[in-house]
Amino acid sequence: MLVLTRKLNEAIMIGDDIEITILAVEGEQIKLGINAPKNVDIHRKEVYLSIQQENSEASKTKTNLLENINEYFKKKY
C-alpha cells in the first residue's frame with residue numbers, strides 16, 4: 001500500500017487520467033473529489049463489495065436456471 005500525505009486542495013494522480021483531490025477535512029473525516037473518465041466505475045468499498053456479492057449470487061441463479069432447463073428437456077426427450 002502506498003501512503004501519501006496531502007493537505008487541503010492538494011491532489012494525487014492515478015495514471016494519466018484519474019485525479020483525487022482533498023476537498024475538506026472535518027474532524028476524523030475527509031472529503032475527496034475524484035475526477036476520472038466516465039467509463040471508470042467509482043464506489044465506496046462497502047458498496048463495491050455489495051455489488052460483487054449480488055453479482056456472484058445472480059450468476060449462481062442463472063447457472064441453476066440453465067441446469068433446470070437442461071434437465072427439463074432431457075426428461076422430455
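Summary table
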quantity	calculated
Test: residue in segment 18-39 that is out of contact with any strand residue (DSSP E or B) (no Cβ under 9 Å at 6 or more places or on another chain), exposed (fewer than 10 other Cβ atoms within 10 Å of the Cβ) and part of a strand (DSSP E or B)	yes
Lone unmet requirement of (1) at pLDDT 95 or above; (2) open to solvent by 90 Å² or more (accessible area, probe 1.4 Å); (3) part of a helix (DSSP H, G or I) for V47	(2)
Subset of segment 1-16 (residues that are open to solvent by 90 Å² or more (accessible area, probe 1.4 Å), in contact (Cβ under 8 Å) with a residue 12 or more places away in the chain and charged (D, E, K, R))	R6, K7
Unmet requirement for I42, which otherwise passes all of (1) open to solvent by 100 Å² or more (accessible area, probe 1.4 Å); (2) assigned to a loop (DSSP other than H, G, I, E, B)	(1)
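The values are calculated or read from the model by the stated rules, or taken from the named source; none is laboratory data. The structure displayed is predicted, hence computed values, not measured ones. No Cβ is skipped: glycine too gets one built from the backbone with ideal geometry, and neighbour counts run over all protein chains shown. Surface areas here come from the heavy atoms of the whole protein model, side chains and all, with no ligands, DNA or RNA. Shrake-Rupley method; radii C 1.70, N 1.55, O 1.52, S 1.80 Å.
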